[in-house]
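Novice: There's a structure below that I have some questions on.
The values are calculated or read from the model by the stated rules, or taken from the named source; none is laboratory data. Keep in mind it's a predicted model, so treat the numbers as computed, not measured. Please note: Cβ atoms are built from the backbone with ideal geometry, for glycine as well, and neighbour counts cover all protein chains shown.
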Amino acid sequence: MNLEEFLKKQDYVYDGFRKSSIKEKGIVPSPSIKGQSGYISCFRHYDNISLPVAKFSHKILENIPGIPYDVNNIHTTIFTHDVKNTLEFIPDNKIIEKISERLVHNVYNLKRWLPPPSINYGEWLNNQDTLIFGGIPNESFVNYTESLVNDSYLREMNIKMPWGAHITAFRFSKELKVDEMESYFKCFEKTPNGLISFPTSIDIGYFILSPQGFMLKTLERFRLN
């Protein structure tokens, strides 16, 4: 997959957010917030991205119920695996070790031969259950993700390319009608924008999403610079 193909696929999903009926029909939370967990590999960001996104996420929480993301779990997903609707997740160390073994080799080579991946974040998008910060990646982002998910071991695990380079910033937790959301929409009068990320690392671990919050536990980390 080249950059043009990735952006076309991503914009199709972004366009679904742009055309969302949230301004006509309000919020309808996703069933996943009741409990979801699984393995994850993701790009992590420097504070120039994580801090303003987390701050805005908590600003949203001041106005409507939901699950904010803080600086410890702001990320851009590369892939997930074995995601299930449960809060009872116990990672298998053998799986983590095998993924790590493959990624350490791949990341080393990618760092040698490719420019750093980068993502330009500049569009806030929401549908009826989630708020994301839309990003436009460079070619290296696509090359990194494609190389990682096309590893022979990961292909056996049915790992897929991510659909986008976004950051999930907030998940809605309570059904609301449009006339109950005035303060939410006012939050977008001033937002973080035009932020460029050069991800600091690729992490491997697991996540647990529950009504109490989103937890991302890093078990292995591969520095990109």
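Novice: How many of the residues making up the stretch 188-197 are more than 14 Å from Ile167 (Cβ to Cβ) and either surrounded by 18 or more Cβ atoms within 10 Å (Cβ to Cβ) or basic (Lys, Arg) (or both)?
Specialist: Looking only at that region, the number is 1.
Novice: I want to confirm something. Restricting to the stretch 48-64 and keeping residues that are in a helix (DSSP H, G or I) and touching a Ser or Thr at 6+ places or on another chain (Cβ under 8 Å), which single residue is farthest from Leu148 (Cα to Cα)? So that I can check it myself, show each step before the final result.
Specialist: Taking the stretch 48-64 first, the residues in a helix (DSSP H, G or I) are 48-61.
After this cut, where a residue has to be touching a Ser or Thr at 6+ places or on another chain (Cβ under 8 Å) as well, the list is 48-49, 56.
On the way: Asn48: 26, Ile49: 23, Phe56: 31 Å.
The residue in question is Phe56.
Novice: Can I ask one more? Can you name the residue in the stretch 116-156 that is in contact (Cβ under 8 Å) with a residue 40 or more places away in the chain and charged (D, E, K, R) and, of all such residues, is nearest to Arg171 (Cα to Cα)?
Specialist: Restricting to residues being in contact (Cβ under 8 Å) with a residue 40 or more places away in the chain and charged (D, E, K, R), the top hit is Asp129.
Novice: I've got another one for you. When the residues of the stretch 142-171 are filtered to those that are among the acidic types (Asp, Glu) and part of a helix (DSSP H, G or I), which remaining residue is nearest to Asn72 (Cα to Cα)?
Specialist: In this case the residue turns out to be Glu146.
Novice: Out of all the residues in the stretch 56-87, which are free of Cβ contacts under 8 Å to residues at least 40 places away in the same chain and out of contact with any Cys (no Cβ under 9 Å at 6 or more places or on another chain)?
Specialist: His58, Asp70, Val71 - these are the residues of the stretch 56-87 that are free of Cβ contacts under 8 Å to residues at least 40 places away in the same chain and out of contact with any Cys (no Cβ under 9 Å at 6 or more places or on another chain).
Novice: Of everything in the stretch 172-185 that's more than 15 Å from Ser20 (Cα to Cα), part of a helix (DSSP H, G or I) and touching a residue at least 12 places away in the same chain (Cβ under 8 Å), which residue is nearest to the chain's Cα centre (by Cα)?
Specialist: Selected residue: Tyr184.
Novice: All but one of (1) without any contact (Cβ under 8 Å) to a residue 40 or more places away in the chain; (2) part of a helix (DSSP H, G or I) hold for Leu103, so report the exception by its number.
Specialist: Looking at each condition in turn, Leu103 falls short on (1).
Novice: Among the residues of the stretch 112-144, how many are surrounded by 19 or more Cβ atoms within 10 Å (Cβ to Cβ), of a type in the set (A, V, I, L, M) and either closer than 19 Å to Ser201 by Cα or modelled with pLDDT under 95 (or both)?
Specialist: Residues in the stretch 112-144 being surrounded by 19 or more Cβ atoms within 10 Å (Cβ to Cβ), of a type in the set (A, V, I, L, M) and either closer than 19 Å to Ser201 by Cα or modelled with pLDDT under 95 (or both): 3 in total.
Novice: Kindly provide the set of residues from the stretch 23-59 that are among the polar types (S, T, N, Q), surrounded by 20 or more Cβ atoms within 10 Å (Cβ to Cβ) and closer than 17 Å to Tyr69 by Cβ, ordered by number.
Specialist: Correct list: Gln36, Ser37, Ser50, Ser57.
Novice: Now a separate question. With the structure loaded, tell me whether Val83 is in a helix (DSSP H, G or I) and either of a type in the set (A, V, I, L, M) or at positive phi (or both) or whether it fails that test.
Specialist: No; evaluated as a whole, the condition is false for this residue.
Novice: In this structure, does Ile90 turn out to be exposed (fewer than 13 other Cβ atoms within 10 Å of the Cβ), aliphatic (A, V, I, L, M) and at pLDDT below 95?
Specialist: When the stated conditions are applied, Ile90 passes them.
Novice: Here's a follow-up. Mind listing whichever residues of the stretch 10-22 are surrounded by 11 or more Cβ atoms within 10 Å (Cβ to Cβ) and more than 16 Å from the chain's Cα centre (by Cα)?
Specialist: Tyr12, Asp15, Gly16, Arg18, Ser20, Ser21, Ile22
Novice: To continue, here is another question. Within the group Ile67, Ile40, which residue is farther than 22 Å from Leu224 by Cα, under 17 Å from the mean Cα position of the chain (by Cα), of a type in the set (Val, Ile, Thr) and part of a strand (DSSP E or B)?
Specialist: The match here is Ile67.
Novice: Picking from Ser100, Ser147, which residue would you name as being at pLDDT 90 or above, touching a Leu at 6+ places or on another chain (Cβ under 7 Å), more than 25 Å from Val53 (Cβ to Cβ) and of a type in the set (Gly, Ala, Ser)? Write out each step before concluding.
Specialist: Working: Ser100 fails: touching a Leu at 6+ places or on another chain (Cβ under 7 Å).
Answer to the check: Ser147.
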